[in-house]
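Notes follow the structure.
The values are calculated or read from the model by the stated rules, or taken from the named source; none is laboratory data. As the structure is a computational prediction, the values presented were derived from the model and not from experiment. Every residue, glycine as well, gets a Cβ built from its backbone with ideal geometry; the counts of neighbours run over all protein chains shown.
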Amino acid sequence: MKTSLKFGFIVFLSLGFNQTRGQNLLNIADSVAKKGSPPAYQEPTWKDTRLINAQTTKTAAPKSMIFRIMHRFGDMGTPGGGFHTLYGFDVASDIYFSFEFGITKNLEIGFGRSMQQELLDGMIKYRLLTQKTNEMPVSLAFYGDEGVTPELNSVLYANALSPEQHFNDRLSYISELILDRRFNKIISLELLGGLSHRNYLLANINPNNGATDQSNIPYTGAGGKFSISKHSAIVFDYYYTFSAYRTNSTTYSNAFSIGYEVETGGHVFEINLSNATFINENNIIPNTPDSWLNGGFKLGFSISRAFGI
């Protein structure tokens with residue numbers, strides 16, 4: 001599998017938004033410093049609880065709910081896209097919505113639903129460390145997600161060798177650690193690593209190296225934010241899978257995404273480009289079939305809104 005990505009960067013047009021004053025639930029500071037002394041906590045590293053596909057260490061504020069909707073169109077390049085699909089606008093590769101609930105300052109839970117394979121998922125995120133000025137240089141969080149695929153006519157199950165299917169066969173899991181640091185007002189970066197597990201899969205073989213697919217797929221990744229102003233930034237994230245089956249494969253690629261993020265009055269809006277067909281990690285990690293080099297990049301957007309509850 002090629003690990004280097006060579007592509008032309010897309011120039012994002014600036015979007016004008018009126019900034020709403022007042023407290024924003026997505027940007028609540030963990031504590032307020034005394035006048036004249038350095039803050040005990042850094043300003044929040046991230047505007048939202050996720051970048052594009054990847055999670056961040058941010059959690060929903062206590063007694064708040066974040067509603068999110070995400071949409072990914074079809075391939076912009078050929079042969080999958082081009083003029084006859086209006087460069088992907090005629091196609092919905094995936095649509096995802098979710099609800100996240102802040103339980104404590106460091107803990108959130110949530111659930112979501114993806115159009116692809118009718119995936120339903122439940123998640124939990126707990127921030128173990130929080131970056132503090134002169135005390136703690138990084139933030140660290142654990143993220144877990146469990147998905148179930150109810151789709152009756154899924155290719156995975158329709159082509160199964162065994163005619164008998166059980167509920168447990170439809171389950172998949174993500175376990176992940178996220179480490180990040182806010183270096184200054186402009187640059188914030190994160191590293192992540194985890195394990196993707198599927199209870200059931202077909203015994204597919206890579207003809208290029210003879211490797212079979214596996215239930216457990218270790219992966220790593222990175223993400224970051226480059227602030228343009230107080231309320232807008234360029235964001236990106238990338239996943240790399242450790243899988244012999246996906247090495248030297250023409251069927252699978254690593255997912256890379258880049259986007260433009262704007263915070264405005266309780267909303268975080270983002271427009272992005274990604275070669276990931278899916279949105280939820282349970283699908284992205286084991287199955288990203290498209291490549292930037294082959295025109296498999298797709299336009300997408302997301303919008304999240306925080307509510308007090």
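So the values come out like this:
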quantity	calculated
Condition met for F297 (among the aromatic types (F, W, Y) and either in contact with a Cys (Cβ under 6 Å, 6 or more places away or on another chain) or closer than 19 Å to L192 by Cβ (or both))	no
Count of region 156-176 residues which are at pLDDT below 90 and not in a helix (DSSP H, G or I)	8
Residue within region 215-223 that is surrounded by fewer than 23 Cβ atoms within 10 Å (Cβ to Cβ), assigned to a strand (DSSP E or B), among the β-branched types (V, I, T) and modelled with pLDDT of 95 or more present	yes
Enumeration of residues in region 174-186 that are more than 14 Å from T56 (Cβ to Cβ), surrounded by 14 or more Cβ atoms within 10 Å (Cβ to Cβ) and β-branched (V, I, T)	I174
Selected residue (criterion: modelled with the highest pLDDT) from residues of region 187-203 that are more than 24 Å from S274 (Cβ to Cβ) and loosely packed, with under 15 Cβ neighbours inside 10 Å	N199
Hits in region 274-309 (condition: in a helix (DSSP H, G or I) and touching a Leu at 6+ places or on another chain (Cβ under 8 Å))	N282, N283
Residues of region 72-106 that turn out to be assigned to a strand (DSSP E or B), among the polar types (S, T, N, Q) and either modelled with pLDDT of 95 or more or more than 19 Å from the chain's Cα centre (by Cα) (or both), as a count	1
Given (1) within 20 Å of D290 (Cβ to Cβ); (2) over 13 Å from the mean Cα position of the chain (by Cα); (3) surrounded by fewer than 22 Cβ atoms within 10 Å (Cβ to Cβ), index of the condition V262 fails	(1)
Scan of region 116-136 for residues that are of a type in the set (D, E, K, R), at pLDDT below 95 and touching a Phe, Trp or Tyr at 6+ places or on another chain (Cβ under 6 Å), ordered by number	K132
Per-region count, region 102-126, residues farther than 29 Å from N275 by Cα, touching a strand residue (DSSP E or B) at 6+ places or on another chain (Cβ under 7 Å) and not aliphatic (A, V, I, L, M)	2
Output for region 83-96, where each listed residue is over 26 Å from R113 (Cβ atoms) and either surrounded by 15 or more Cβ atoms within 10 Å (Cβ to Cβ) or in contact (Cβ under 8 Å) with a residue 12 or more places away in the chain (or both)	Y87
Evaluation of L171 against (1) farther than 27 Å from E118 by Cα; (2) surrounded by fewer than 17 Cβ atoms within 10 Å (Cβ to Cβ) (one fails), failing number	(1)
Residue in region 225-243 that is in contact with a Pro (Cβ under 8 Å, 6 or more places away or on another chain), buried (at least 22 other Cβ atoms within 10 Å of the Cβ) and in a strand (DSSP E or B) present	yes
Test: G144 is at pLDDT 95 or above and either under 24 Å from S243 (Cβ atoms) or hydroxyl-bearing (S, T, Y) (or both)	yes
